[in-house]
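> This is the structure I want to talk about, given as structure tokens.
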Amino acid sequence: MKGKSLAKTLEIILYISRIIVIIALIGIVIVAIGVSALIIYEDQFLLWVEQMRENPDVNIEADIDVTWTDIVSLIASFVGFYIAFKVISRLREILNSISREKPFEAENATRLSRIAKYLVWGQIASIILLIIAALVPGDLDDWNINLTSLLAAGIAAVLAEVFREGARMREEQEFTV
């Protein structure tokens, strides 16, 4: 019974995490739209700022300094949060099956395999974006390859095989009776 309540608690935590990630994704999309608009309409924006400066009641300063590194960082943030969303969704499904007292169903093995794939694809995307960021002028201090998520992908892949074998053994046991 304690394991079931722990699964429910974790499911609630993952639900809240999923909401936070969705809000972050929406925020990133809004920022991307804003940055795109500033890049496309930079001349009109600067003209508007100049007109506003002529008004003595308004004190406004504006400098559009969007670099390619900023754009690559925005893309990397979106990819990271999207992968977090997908991983959290699969983990919630796994915890839901545990709550239903069916942890070794075959679908959980598939879910863990997907988690492993999401983490690997996230690192591949990170490497591609790191290469792109290195090719454009800008600051690369915050860019690195995360070996922890590759390790997590390996662990998820191994667990997927364990769950697949557990599901197979469970099916054999049901037919043996």
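> Run down Ile19, Ile64 and say which single residue is modelled with pLDDT of 75 or more and of a type in the set (A, V, I, L, M). Write out each step before concluding.
Values: Ile64 fails: modelled with pLDDT of 75 or more.
Going through Ile19, Ile64 in turn, the sole match is Ile19.
> Continuing with this model, one more query. Can you name every residue in segment 122-172 that is under 20 Å from the mean Cα position of the chain (by Cα), modelled with pLDDT of 80 or more and farther than 18 Å from Lys86 by Cα? Quick ask: steps written out before the conclusion?
Our first condition is that a residue be under 20 Å from the mean Cα position of the chain (by Cα); within segment 122-172, this holds for 122-133, 142-157.
Next, from what is left, pick out any that are modelled with pLDDT of 80 or more: 122-132, 147-157.
Matches in segment 122-172: Ile127, Ile128, Leu129, Leu130, Ile131, Ile132, Leu147.
> Which ones in segment 79-133 are over 25 Å from Leu25 (Cα atoms) and assigned to a helix (DSSP H, G or I)? Working first, answer last.
So the first thing to find is which residues in segment 79-133 are over 25 Å from Leu25 (Cα atoms), and the list is 97-110.
Across segment 79-133, the qualifying residues are Ser97, Ile98, Ser99, Ala106, Glu107, Asn108, Ala109, Thr110.
> Tell me whether segment 141-157 contains one or more residues that are acidic (Asp, Glu), touching a Ser or Thr at 6+ places or on another chain (Cβ under 9 Å), crowded, with 17+ Cβ neighbours inside 10 Å and not in a helix (DSSP H, G or I). Walk me through it before giving the result.
Our first condition is that a residue be acidic (Asp, Glu); within segment 141-157, this holds for 141-142.
Then keep just the ones that are touching a Ser or Thr at 6+ places or on another chain (Cβ under 9 Å); that gives 142.
From the residues that got through so far, the ones that are crowded, with 17+ Cβ neighbours inside 10 Å too are none.
Looking for residues that are acidic (Asp, Glu), touching a Ser or Thr at 6+ places or on another chain (Cβ under 9 Å), crowded, with 17+ Cβ neighbours inside 10 Å and not in a helix (DSSP H, G or I), one finds none in segment 141-157, hence no.
> Do you know which of the residues in segment 12-25 that are farther than 16 Å from Phe78 by Cα and within 18 Å of the chain's Cα centre (by Cα) is surrounded by the most Cβ atoms within 10 Å (Cβ to Cβ)?
Taking segment 12-25 as the starting set, the residues that turn out to be farther than 16 Å from Phe78 by Cα are 12-16.
With the extra rule that they be within 18 Å of the chain's Cα centre (by Cα), the set shrinks to 13-16.
Numbers: Ile13: 14, Leu14: 20, Tyr15: 13, Ile16: 11.
The selected residue is Leu14.
The values are calculated or read from the model by the stated rules, or taken from the named source; none is laboratory data. The model shown is predicted, which means the values in this text are computed figures rather than measured ones. Here the Cβ is made from the backbone with ideal geometry for all residues, glycine too, and neighbour counts use every protein chain on show.
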